[in-house]
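Comments concern the structure below.
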Amino acid sequence: MRTRFIHVIHWFIRLIARRFFGLTETGRENIPRTGAVILAANHISDWDPPILGMASSRVPHYMAKSELFRKPLAAFLLRKLGAFPVNRTGVDTTAIRMSLSILSQGGILAMFPEGTRNRRGLLGKAKQGIALIAKRSGAPIVPAYISGTKRPFCGFRVAFGPPIAPGEIGAVHASGGYSALSDLLMERIADAGKRAGTFTGYDESISDLDENADEEKN
């Protein structure tokens, strides 16, 4: 269970984010008030994790790149704020188990399916880790589209879309596997941005690279 202290800090930082960074959010009603849920968002800036957390109606746990935990003080603070490390160079089974544990206890987990920032500010392709966690946990996924974080003080916006229900997750996985489920998730993140009028487009260069890699394999 999260401590009252963390909730007070969350409320205070959200107030600052709204006052000084122009944070606005839409669709927060799409986040279930109780029970396990995954928040899945695009990733364009280092500001994204805290801004997604501030926009959420519940205080989420986070996956954070393991490099951030190298310094003891940083590691201590990150863990207190609900973050845990993930090794991005391969399949991190420890991070997966931690994610499933959080969700099994009815927690909320914030994730960035692309696995890294898209420096062009566009929407890339998802890695399959979040699809695996969603399928195994049975938790719904709430897609979120973040914009404005590449230019602080110009207004941060987070748009939450309707949840992807466990039944739909299971059906898509049954018909197309984790790849199809990952593609559906990115479509829903894009839809959230389109409804808010903030969607900037897909990063076609990533698709081209993937297609070239497939051709080389063949």
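The values are calculated or read from the model by the stated rules, or taken from the named source; none is laboratory data. For clarity, every value in this text was computed on a predicted model and none was experimentally measured. In this analysis, Cβ positions are derived from the backbone assuming ideal geometry, glycine residues included, and neighbour counts consider all displayed protein chains.
Residue by residue, here is whether (1) touching a Ser or Thr at 6+ places or on another chain (Cβ under 8 Å); (2) of a type in the set (K, R); (3) modelled with pLDDT under 95 holds:
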site	(1), (2), (3)
P152	no, no, yes
G155	yes, no, yes
P163	no, no, no
A171	no, no, no
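G170 meets the conditions (1) over 18 Å from the mean Cα position of the chain (by Cα); (2) surrounded by 15 or more Cβ atoms within 10 Å (Cβ to Cβ) in every case but one. The failed one is (2). Please go through the range 15-50 and give me each residue that is among the aromatic types (F, W, Y) and either touching a strand residue (DSSP E or B) at 6+ places or on another chain (Cβ under 8 Å) or over 22 Å from A83 (Cα atoms) (or both), ordered by number. Within the range 15-50, F20, F21 meet the criteria. Taken together, the residues in the range 51-100 that are over 24 Å from N30 (Cα atoms), assigned to a helix (DSSP H, G or I) and either modelled with pLDDT of 90 or more or of a type outside the set (A, V, I, L, M) (or both) amount to 13.
Yes/no matrix, rows are residues, columns are (1) in contact with a strand residue (DSSP E or B) (Cβ under 7 Å, 6 or more places away or on another chain); (2) within 23 Å of G201 (Cβ to Cβ); (3) among the hydroxyl-bearing types (S, T, Y); (4) free of Cβ contacts under 8 Å to residues at least 60 places away in the same chain:
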{"site": "A95", "(1), (2), (3), (4)": "yes, no, no, yes"}
{"site": "G107", "(1), (2), (3), (4)": "yes, no, no, no"}
{"site": "M111", "(1), (2), (3), (4)": "yes, yes, no, no"}
{"site": "Y145", "(1), (2), (3), (4)": "yes, yes, yes, no"}
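Residues of the range 136-158 that are among the aliphatic types (A, V, I, L, M) and either over 22 Å from G35 (Cβ atoms) or assigned to a helix (DSSP H, G or I) (or both): I146 alone. Tallying residues that are within 18 Å of the chain's Cα centre (by Cα) and more than 19 Å from A40 (Cβ to Cβ) within the range 62-84 yields 5. For the range 14-32, the candidate set comprises residues that are surrounded by 15 or more Cβ atoms within 10 Å (Cβ to Cβ) and at pLDDT below 85; within that set, the residue that is nearest to C154 (Cα to Cα) is F21.
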